1. Considering only residues that are buried (at least 24 other Cβ atoms within 10 Å of the Cβ) and assigned to a helix (DSSP H, G or I), which ones fall in segment C:244-265?
2. Quick test of your reading of the structure: C:Ala109 fulfils all but one of (1) within 19 Å of the chain's Cα centre (by Cα); (2) without any contact (Cβ under 8 Å) to a residue 12 or more places away in the chain. Name the failing condition by number.
3. Within the group A:Val97, A:Val85, which residue is of a type in the set (Val, Ile, Thr) and either in contact with a helix residue (DSSP H, G or I) (Cβ under 9 Å, 6 or more places away or on another chain) or outside the structural domain of A:Leu266 (by TED's automatic domain parsing) (or both)?
4. Part of a helix (DSSP H, G or I) and more than 13 Å from chain A (Cβ to nearest Cβ): does that describe C:Arg112?
5. Go through segment B:78-177 and tell me which helices (runs of 4 or more DSSP H), entirely inside it, have 2 or more residues that are buried (at least 16 other Cβ atoms within 10 Å of the Cβ), more than 9 Å from every other protein chain (Cβ to nearest Cβ) and of a type in the set (Val, Ile, Thr).
6. Mind checking which residues of segment A:97-118 are more than 7 Å from chain C (Cβ to nearest Cβ) and touching a residue at least 12 places away in the same chain (Cβ under 8 Å)?
7. Would you mind stating whether B:Ile204 is of a type outside the set (Asp, Glu) and in contact (Cβ under 8 Å) with a residue 40 or more places away in the chain?
8. Scan segment B:232-257 for residues that are surrounded by 22 or more Cβ atoms within 10 Å (Cβ to Cβ) and more than 25 Å from B:Phe28 (Cα to Cα) and jot them down.
Amino acid sequence: MSCAGGFIVLPEHFFQRQKKQAHQRRAIDRWFQRIGLLLTLMTLGILGILLLNLVGNGLMRIDWQFLTSFPSRRAGEAGVLSAWVGTLLLMMVTAGVAIPFGVAAGIYLEEYAPKNKWTDFVEINIANLAGVPSILYGLMALGLFVYQFRFGQSILSGGLALACLVLPIVIVATRESLRTIPANIREAAFALGATRWQAVWHHLLPYSTGGIATGVILAMSRAIGESAPLITIGALTFIAFLPPTPVLSHPPFLSFEWLFSPFTALPIQMFNWVSRPGEDFQPNAAAAGLILMLITLSMNGAAILLRKRAQRNIKW
Amino acid sequence: MNPQSASSEVTGGVNQSSTKVRIEKLSFFYGTHQVLKSVSMDIPALQVTALIGPSGCGKTTLLRCLNRMHDLYPGNRYEGSVHVQPDGMDILGPGMDPIQVRMRFGMVFQKPNPFPKSIYENVAYGLRLQGMNKRRDLDERVEKALREAAIWDEVKSRLHQMAHNLSGGQQQRLCIARAIATDPDVVLFDEPTSALDPIATSKIEELIVELKKRVTVLIVTHNLQQAGRISDMTAFMYLGELVEFGSTNQLFTNPSKPQTEDYISGRFG
Amino acid sequence: MSTTRPFSRRLNHAVEGLMVWVLRFGGWASVLVSLGIVVTLVTESWPFFAQVPFHRLISDTMWTPLFADPQYGMSALLAGTLVTTGVALLVAIPLGTVLAIYLSEFAPASLREVVKPMLELLSAVPTVVYGYFALLTLTPLLQKIYPDLPQFSMLSAGLIMGIMIVPYVTSLGEDSMRSVPMLLREGAFALGDGKLGVALRVVFPGAFSGLAAAYVLAISRAVGETMIVAIAAGLQPRMTINPLESAATVTAFIVQVSLGDLPHGSIGYQSIFAAGAVLFLMTLGFNLAGHVLRRRFHRAS
């Protein structure tokens, strides 16, 4: 580029050069546009391939017999009855613990906690908990729940391990959805003479249920798919029976004996079948995987829809 | 200095009537909403032209038409033509690449927006885009631009520190240096002092007056005093139309349109 | 006033006081969980570290704490974690970054709204399913290209782990790139830069601490991932950095020992807590770094 002597005097070819540079940049942009789209589709395609693979290998295997049979040494007779019942019961424990504690912690940190070092510490602690590998929750459950508290290798131990694991998800979701409520809503409630808890109970919680529910669903979907912490507490055993029923036909009608029952769960059962040598059990693994995928994907889909609707319904 | 002699020659030779940018029947639409209504004006070379008018009158929109910034967002449409002298390039012409247009027009924004890079790299950015890669050339041009933007003495000892550490006024002068480093034909200022304190503002104003020795300046301002202080020509816009365009002196003392008079005397806006 | 409705007011007061404590206890629960993890790991691994001389952890080249002639070379486990993590990051960081740039700077808003939640589904897939996919689909595929690949390989596990991590990088990265102010982009566009130029030269540096946080958290994910490596990378600790071989990671070792009979206080029991303590320290470092970077990013923008 010529700048000798002045500014206005630019040779004609200078504009040509700018034109060329513009074209080059435009071409690079077009290329990246294509590459980006292609890679996005390929990445999403992997999810599709994964699903198709499970459908192809496992769909045939899913029938009434599969859902109502216990594990067996013969692949064709094995089923997931104890696994899905185990998963269901685990989720009851997990939800029963993680939701109240998580929501309470979220409310406390967002609405009550003073801004001080301790609160900072709790925040860093939650950020770290969210990133702690799931297997470490299993080790904690093994040392603490199984041996220290003597809950044994039970549904209670497993459910508590999973509850600790998803606690940060519930806390973060609660806080984020409380945070979207503008401060003047709180002020309006306080101006009418509400106590802090009344403001929370009458206003903030109802307005944030959409966000909290989204977080809870995502948390449960995560818990359903987890296997590492359950393996660590020793859940990978041959379970050919169901835990005691929680509902009795005679007084006191409710029983909590099932909490202390040994268990298996869907991801554990799948892991068991995947890691067997030979190909006999592969269709079983695929079938269990397909069931797991359908559960987690539909829960995530529901969470996405719920989030969209919550965003659309309430406009501040 | 070399540039000054060259530019004074040009101003002396072609007088103030030489047109740098000729805007003809320029209309602009956001979707179906027409924001500019057939604006025509000749922006004189090597002068400061101010665009004034109440907010929403389309002055910033007009400014951003000139370097095709509206192309960054979908649903925008131009009509009319804008020719740049001396070569007569139509920046709205078919097949004209906005990137090419932007390389000829510098722009300074409402708020200082230095890149998250060093002071040096901020100024060198445009130069690199125009193919300048040699360290020696870059050093020379960066220094020149910083001197012209009257910030060299403040930053010469810390060229490789992050630009964010500068004060608001310094950042804005850095952005001016960035805009003039590539020797653009025209520099567009979009309310460049609206985020600055009075002292920083007056520095920028001095700088703009100094700049017209070598570039054509178009400035949007909501500050009438500022337009009066620094511009040679003033255009008053209202509701997307160009109401009046003339020398600043004449427009401020003896406007020909009643709306202009109302606005200038503070009856609305 | 206070005499007209004393009861309801006193009730309100009591409820308020009670709820503060209930909620505060909820807040403490998260701290108790952390405390539980740390205390359990420390107390249960203590006998192991007390019994094994420190120099053997460093100098031994094999990790066989359960053998009659035990070897305590922690590096044999760490090698497996290092390689699988490395392979995963080689997939996740470039791919995740390109997708983040594409979604944030290039894709139309309508496409972005569809793609983002779908990408997040990718990280919601149960890891045991990914393990299945790596072992029974990807490994046979890779064996067609490279016939000597063993049935269990760190390459296969690492690649799938990378895919699993992509959404973490993309989602966090895209968020931080989009929070770079438009004004900054306009400054670069006004100089005549193209979209990719603006993305790489202005948006990327502007969002860097946010992106760095995404990368660091991705590393933490990869280091702690268990089921994929336990299923597809093999369960035998092996001192190798060749991704074409099979080797156990720190996490896979814990799974492998847990699969067997595990009496409380046995050397096996102690050794998995030792491995867990090492794992905890590694991820703690990455998590804290990620947290600091994210905070710095939010403060800057």
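1. C:Val250, C:Thr251, C:Ala252, C:Phe253, C:Ile254, C:Val255, C:Ser258 - these are the residues of segment C:244-265 that are buried (at least 24 other Cβ atoms within 10 Å of the Cβ) and assigned to a helix (DSSP H, G or I).
2. (1)
3. Details: A:Val85 fails: either in contact with a helix residue (DSSP H, G or I) (Cβ under 9 Å, 6 or more places away or on another chain) or outside the structural domain of A:Leu266 (by TED's automatic domain parsing) (or both).
Just one listed residue meets the conditions, A:Val97.
4. Details: part of a helix (DSSP H, G or I): yes; more than 13 Å from chain A (Cβ to nearest Cβ): no.
Answer is no for this residue.
5. Numbers: elements: B:98-104, B:119-129, B:135-148, B:152-155.
Counting at least 2 such residues, we get B:119-129.
6. Of the residues in segment A:97-118, the ones more than 7 Å from chain C (Cβ to nearest Cβ) are A:97-100, A:102-103, A:106, A:110-111, A:114-118.
The answer is A:Val97, A:Ala98, A:Ile99, A:Gly102, A:Val103, A:Gly106, A:Glu110, A:Glu111.
7. Values: of a type outside the set (Asp, Glu): yes; in contact (Cβ under 8 Å) with a residue 40 or more places away in the chain: no.
So B:Ile204 does not fit the description; no.
8. Correct list: B:Leu251 only.
The values are calculated or read from the model by the stated rules, or taken from the named source; none is laboratory data. Note that the structure is predicted; figures quoted are calculated from it, not measured. Neighbour counts run over all protein chains shown; Cβ positions are idealised from the backbone, glycine included.
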